[in-house]
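What follows is a single structure, written as structure tokens, with notes after it.
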Amino acid sequence: MNSEPMNAPSPEAPASAPPPAVEPAPAPVAPRRGLQFNVLAAWLLAAVAIMVSVLLWQKVDGIQQQLARQSAEAGNNAVEARALARQAEETARETAARVAALEGKVSDMSAYRAQLEELVQIVTRARDENLATDLEAALRVAQDQTQLTGSVEPLLAALRTAERRLGRSTDPRLAPVARAVAKDLERVKAASLPDTAGLLARIDQLLHQADDLPLANDVGRVGFESAPRGSAGQPPESWWGRWWHLSLAEARDLLRVRRVERPEASMLSPEQAFFVRENLKLRLQGARLGLLARQYEAARADLTAAQMALGNWFDPASRRTQAAATLLQQIQGLTKTAELPRVQNTLAALSDAVTAADTPAGSR
């Protein structure tokens, strides 16, 4: 900084110039104003700094409080987490114990399943081996029921059951049995059953007519029935005409010439005639009982014996005898077809299958 006074004359000024008048120096205003401005700026900066410091302190205090809260919450969460961890550990132990128990049960179930499968295989083999025997017994029982009841429903049910069971079987030895069952099933379905009620009604009709049938030695009844319808005209209205008509009829009955083809029939006594009629009734009753018992062979034998008795001991020229013989022939014709179906082919095939199953494998 120059130490020379500000009012020193310049060396370059001419010497001849008169010196200026000395005036008093004015006060330095500009530096004082700059100093005041600087002081004011400093105070402003200080105030700003103080305000910033206060704000920063408040912010830091808020952050500290938030951190404290977060720390407290973190501590609480840590406590809860430890409690949950202990619970989870206990649950994991319990779950592990249960899993171990379940694994033990699963292993037991696996063993049980293996035993059950083995048992099922044994039962399946035994079922295949015993199927033929069971079917044979069931079919024989059904056939007996059919013979007793006169209905093919038991036999049809047994054949359908056998067909279903044979269809589920894988045994090749039962293939012939399945074919025999199919054939017998079709035959039983197509079988026609006899009308037992109608046959019994016709036999009862013959039983009612047995007492009225004329025997071969019944002369009066034979003469009355064998007389032509045209000979019996209208009786006259006068008394002498009626008397003449009765006398003529009595005279005709006094003498009759007949051809006797069976002398033994004409020589029957009244007691023998009674037993002949009773024998005919017994034969018809036997045929009736045979039909009721489904014994068609015995019924046919009784009907044949009744037909022979009717032809030997009764008058063949009588209309009643002819009607009875015709009715008896109809009954015989219906009884010939009165035979319930049998399943002999299936039973034979089942017997062969049972024999094959009982035969050892080494001896085949």
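Taken together, the values in this text are just the output of simple stated rules run on the coordinates, not laboratory data. In this text the structure is predicted, and so the values were computed from the model without any measurement. Here the Cβ is made from the backbone with ideal geometry for all residues, glycine too, and neighbour counts use every protein chain on show.
General remarks:
- Inter-part distance, the range 164-217 to the range 304-322, computed on C-alpha centroids, equals 30 Å.
- Among residues other than L185 with Cβ under 15 Å from its Cβ, the summed charge is +4 (Lys and Arg +1, Asp and Glu -1).
- Using a Förster distance of 41 Å, the FRET efficiency for Q322-A175 (Cβ separation, nearest 0.05): 0.10
- For L215, residues with placed amide H under 5 Å, excluding near neighbours: D315
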